[in-house]
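The values are calculated or read from the model by the stated rules, or taken from the named source; none is laboratory data. Since the model is a prediction, treat every value here as computed from it, not as a measurement. All Cβ positions, glycine included, derive from the backbone under ideal geometry; neighbour counts span all protein chains shown. Just so you know, the surface numbers come from the protein's heavy atoms only, side chains and all, with ligands and any DNA or RNA stripped out. Shrake-Rupley method; radii C 1.70, N 1.55, O 1.52, S 1.80 Å.
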Amino acid sequence: HRPPRLSSASTRLNHQLVAMRAISLTLLVLTAPSVAFLSGVPVPRRVPAARVTMATPEVEVAKAEPFTLVKEDLRKLKRRIKELVENNVGSSDKTKEGSTNPMLKQAAREFFERRERAWRPGVVLLMARALDAGITDEDGEALMKQRMLAEIVEMMSTAQVIHDDVLEDLEASENGNVAHRSYGGPLGNKVSLLAGDFLLARASVELAKLTNVAVVEIMGVSLENMCRGEIMQAQARVEDKLNTTYYTETVSLKTASLLAEACKCTALLRGDGRSSPNADAAFEFGINLGIAYQISADIVSFNGLVKAHLDGDEEGGALTPETMSLLVTALPPFALAAELDKTGELSEMAHRSFSEAGDVAAAIAAVEAAGGVALATEMAEGHITRARTAAAMLPDSVFKEGLHVMADYIVEEDQKGLQRAEWMDLQQKKAAL
């Protein structure tokens, strides 16, 4: 997890423009089934159920390790997304398909090699199998569509990450993604926006192939919610940043809505009603897991920023009044400490943008003294408890236990269970230098 970027006026404008672009794509998503039908886009055909198997791996999985339980599904997902990203498009030759723009393909591909494992689609796949009590028709139409839904979730969440990489005018290109490093700031920003839109467009086509109007509508609304949350975060005033209710609402829209609605849609795709107990339980699990994830990720960011500051890390840099105002105050450890600060000093420092000498050091010390990180951890664990309560309503299976283990990973220190092995190895090698 990388720290969130600074949010100045130009960044807020960029985020709003990105949001408007994504909302436009939402309209495409909502009308996709009709477009697919009229244009002859192929949709999945119903495959006769050939076999019903217990999908638990042959070797018993210790602690119902979630990524192991859906390992084969995730492998297929990765291959499918690679095919979708690299699929030939855009040729002027109507008899032969052309090639995807290499800049878009390169920018989009980088984000599938990030710090985290594909935990969001992993949750969707675990939920799909848990709803079936672990007894799944491996050749059935429901599982096929649920796998497609997991792919859509991964593409949509990755598109959001790419959009978040829009750089400030004064930020160096090396602080951005592969597009910025290859083409410089201005062009890199354009490529980042287009690469994100590229993935959203691909996701909308796949969504059309689900041929389920309710699912298309729900996922379209989740995309709109992501945009609304992005705007709330970008436009937050000091008093908003210090309000944990505002933070939770923002995170619910920006981060958790996509996962929650996707979990709900897994129930719809297997034939459950929109307001059925299964659909409601799946939604409650997803929304609370998503909120807990963001709180935990923000704790990791806060700890990293403070550590770099205290260690005098040249690369991380000392915290300045500007970074404190635009970045640190937006993280839950600071807001929770400020809420408990009866003297009001933390709030006062935030409102004056830490402009007085010693404000930065005093604020860091005050958050530590108030136990801001512990308070944020408790807040995350509260949402994990709610997620577990929702999961308890599902039928017993190893996949249900896998959802519980995934919940453990979300609030684990540094979220180690979500990290990719290759990424952890790289960090160890860097630390050894």
What is the calculated FRET efficiency for Glu368 to Glu116, with r their C-beta to C-beta distance and R₀ = 30 Å, to the nearest 0.05?
0.65
Charge tally in the Cβ shell below 11 Å around Asp359, where Lys, Arg are +1 and Asp, Glu are -1, Asp359 excluded:
-2
The stretch 251-329: relative contact order in percent, alpha carbon pairs under 8 Å with at least 6 residues between
26 percent
Estimated FRET transfer efficiency when R0 is 41 angstrom, pair Lys307-Thr211 (beta carbons, to 0.05):
0.25
Rounded to a whole number, what % of the accessible area of the stretch 260-338 do carbon and sulfur atoms account for, probe 1.4 Å?
50 percent
tail above 17 Å in the computed P(r) of the stretch 199-284, as % of all Cα-Cα pairs, reads 53 percent
Theoretical gain in end-to-end length, Glu345 to Ala357 [0.36 nm per residue, Cα-Cα removed]:
2.9 nm
The answer for the stretch 378-423, accessible area per residue at 1.4 Å probe in Å², is 45 Å²
Local electrostatic count, Leu268, Cβ distance below 11 Å [Lys/Arg +1, Asp/Glu -1]:
+1
Which of the peptides 357-364, 222-229 is most tightly packed, and how do the rest follow, going by the mean number of other Cβ atoms within 10 Å of each residue?
222-229, 357-364
Computed over the stretch 385-424, the distribution of all Cα-Cα distances in 5 Å bins, rounded to whole %, is 6, 22, 25, 20, 14, 9, 5, 0
Environment charge of Leu336, counting only residues whose C-beta is closer than 12 Å and scoring Lys/Arg +1, Asp/Glu -1
-3
Under a plain spin-label model, where a point goes 7 Å from the Cα along Cα-to-Cβ, how far apart in nm are Asp408 and Lys82?
3.1 nm
